[in-house]
Amino acid sequence: MPENLIHLVESYRAGTITRREFLHKAILWTGSVAVASSLLDSLSPTTVHANQVDPNDPALISTDVKYAATDGASISAYVTRPKGDGRRPAVIVVSDNWALDDHNRDVGRRLAKAGYVAIVPDVVSRDGGTGSFPSREAVAKAISQLTDDNVMKDLTGAHNYIKGQSYVQANKIGVIGFCWGGGKTLLFTTQNKDLAATVIYYGPIPKDLDAVKNITAPVLGNYGELDKPISSQVPRLAEEMKKYGKSFDYKIYPDAPHAFNSDTRPDRYRPEAAKDAWGRTLEFFKKNLQG
């Protein structure tokens with residue numbers, strides 16, 4: 001394979017170019033739509049869109065940090081980013097109800113491999129941190145008792161912290177959330193006018209739907225058809241977003257349950273839906289954070 005095509009494939013696998021950009025360049029360099037399409041189809045979906053990333057990946061700088069919430073509380077977080085100089089866009093990762101576990105750290109690294117600085121706050125820091133709990137069930141119980149007020153203080157603190165880093169483009173910060181974190185991500189987006197992009201994975205809609213009138217960032221949503229308590233409410237959210245002229249692009253995946261993106265949960269994970277949703281996520285972030 002010619003060197004330019006090898007580089008193109010590597011860039012697509014890393015998520016630094018979109019599917020459309022890959023096809024455009026491949027057609028130019030091969031002179032054939034059929035060859036370019038065949039090359040794209042040959043790439044492994046799990047490699048392109050949702051690889052787990054080695055915690056010690058030599059191309060990344062990953063570390064645990066502490067920052068101050070807006071009320072002064074000390075919050076732990078995981079920060080991961082590509083090596084190299086210059087400023088990059090950043091993404092705040094709001095975890096599911098397992099908090100700062102290996103999977104949610106890995107989601108951060110996947111974003112770092114795509115060219116972003118990712119910060120994953122430990123949302124149970126005020127209760128001693130994820131590592132202080134004896135089980136995932138105990139973490140989930142603690143998360144269910146968190147107040148929106150404290151969560152918003154913690155996420156605003158994460159935004160302030162990452163915005164102040166020398167390697168971050170302060171005006172290109174997005175947020176992504178999963179499950180419980182998806183709902184808090186949307187709530188956070190109604191309260192923070194400095195966000196440049198928001199992605200929700202199967203998060204519940206706000207209790208106060210009228211609050212979406214305050215949103216300034218474009219929003220992308222990925223939902224599962226079988227996740228009826230949440231997916232059945234998405235049209236209401238879409239209607240309200242439309243009423244206020246807000247950007248909301250969502251997709252409900254057929255036969256996909258809640259948590260279909262979690263590759264650590266075999267009973268929930270749906271590879272094809274996860275692949276497509278991650279591809280949509282990377283294209284959305286590229287458009288709004290790298291444009």
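Of note:
- Condition met for Ser62 (of a type outside the set (Phe, Trp, Tyr), farther than 16 Å from Leu155 by Cβ and not in a helix (DSSP H, G or I)): yes
- One residue stands out among those in region 35-53 that are at pLDDT below 85, in a loop (DSSP other than H, G, I, E, B) and under 19 Å from the mean Cα position of the chain (by Cα): the one that is surrounded by the most Cβ atoms within 10 Å (Cβ to Cβ), which is Ala50.
- When Gly203 is tested against the conditions (1) buried (at least 21 other Cβ atoms within 10 Å of the Cβ); (2) among the small types (Gly, Ala, Ser); (3) part of a helix (DSSP H, G or I), the lone failure is (3).
- Selection status of Glu272, open to solvent by 30 Å² or more (accessible area, probe 1.4 Å), more than 25 Å from Asn171 (Cβ to Cβ) and more than 18 Å from the chain's Cα centre (by Cα): no
- Within region 213-265, the set of residues being within 17 Å of Trp278 (Cα to Cα) and in a helix (DSSP H, G or I) is empty.
Here is a yes/no grid of residues against (1) among the charged types (D, E, K, R); (2) closer than 25 Å to Ser262 by Cα; (3) out of contact with any helix residue (DSSP H, G or I) (no Cβ under 8 Å at 6 or more places or on another chain); (4) at pLDDT 95 or above:
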position: Ala170; (1), (2), (3), (4): no, no, no, yes
position: Ile173; (1), (2), (3), (4): no, yes, no, yes
position: Phe178; (1), (2), (3), (4): no, yes, no, yes
position: Lys184; (1), (2), (3), (4): yes, yes, no, yes
position: Phe188; (1), (2), (3), (4): no, yes, no, yes
position: Gly203; (1), (2), (3), (4): no, yes, no, yes
position: Asp210; (1), (2), (3), (4): yes, no, no, yes
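- Looking only at region 244-269, and only at residues there that are without any contact (Cβ under 8 Å) to a residue 24 or more places away in the chain and of a type in the set (Lys, Arg), the one that is surrounded by the most Cβ atoms within 10 Å (Cβ to Cβ): Arg268
- Looking across region 54-87, the residues that are farther than 12 Å from Ala112 by Cβ, open to solvent by 20 Å² or more (accessible area, probe 1.4 Å) and among the aliphatic types (A, V, I, L, M) come down to Val65, Ala68, Ala73.
- Of the residues making up region 14-34, those that are assigned to a helix (DSSP H, G or I) and modelled with pLDDT of 75 or more number 12.
- Ala277 being modelled with pLDDT of 95 or more, assigned to a helix (DSSP H, G or I) and under 24 Å from Trp98 (Cα atoms): yes
- You will find that of Ala112, Ala142, the residue that is under 20 Å from the mean Cα position of the chain (by Cα) and among the hydrophobic types (A, V, I, L, M, F, W, C) is Ala112 and no other.
The values are calculated or read from the model by the stated rules, or taken from the named source; none is laboratory data. It should be emphasised that the depicted structure is a prediction, and the values quoted were computed from it without experimental measurement. Counting neighbours? That spans all protein chains shown, and the Cβs are built from the backbone with ideal geometry, glycine included. For accessibility, only protein heavy atoms count, side chains too; no ligands or nucleic acids. Shrake-Rupley method; radii C 1.70, N 1.55, O 1.52, S 1.80 Å.
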